[in-house]
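The values are calculated or read from the model by the stated rules, or taken from the named source; none is laboratory data. The structure displayed is predicted, hence computed values, not measured ones. Neighbour counts are summed over all protein chains in view; Cβ atoms, including those assigned to glycine, are modelled from backbone coordinates with ideal geometry. SASA here: full protein model, heavy atoms, side chains in, ligands and nucleic acids out. Shrake-Rupley method; radii C 1.70, N 1.55, O 1.52, S 1.80 Å.
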Amino acid sequence: MKVIIILALCIAYVLIVEAGIPISHTIYEYKYGVADPKTGDHKEAWEHRHHDHVKGGYSLHDADGTHRIVEYTSDPKTGFHAIVKTEGHAKHPLHYGIGGGVGGGF
């Protein structure tokens, strides 16, 4: 998930630069979310930028049953800062793979 968000931000940055829009005057805001009860996919992300100051975050339900929440800020003076929180306790199955061996053993 982090890779997708970072890639999307990089692509947006390149498009803005190629369009000749001064980065320091860029203002935008977005938000999206997914809640699919069939697949169990639950996530959301948001971000807003006002000139050189960016604030955003995302959350998702990990496969281990925990809920990860990330909030971040970025500006020219202090750089990028992220706060990562994990809620809940990870739950792991007692055995894995076909035949019950670790790594799909026989």
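Summary of values
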| quantity | calculated |
| --- | --- |
| Among residues of segment 58-69, those that are surrounded by fewer than 17 Cβ atoms within 10 Å (Cβ to Cβ) and not acidic (Asp, Glu), counted | 6 |
| Set 28, 32, 72: member being in contact with a strand residue (DSSP E or B) (Cβ under 9 Å, 6 or more places away or on another chain), modelled with pLDDT under 95, surrounded by 11 or more Cβ atoms within 10 Å (Cβ to Cβ) and part of a strand (DSSP E or B) | 28 |
| Output for segment 75-94, where each listed residue is closer than 28 Å to residue 27 by Cβ and either at pLDDT below 90 or not in a strand (DSSP E or B) (or both) | 76, 77, 78 |
| Matching option when the condition is over 19 Å from residue 9 (Cα atoms), open to solvent by less than 50 Å² (accessible area, probe 1.4 Å) and at pLDDT below 85, among 40, 99 | 40 |
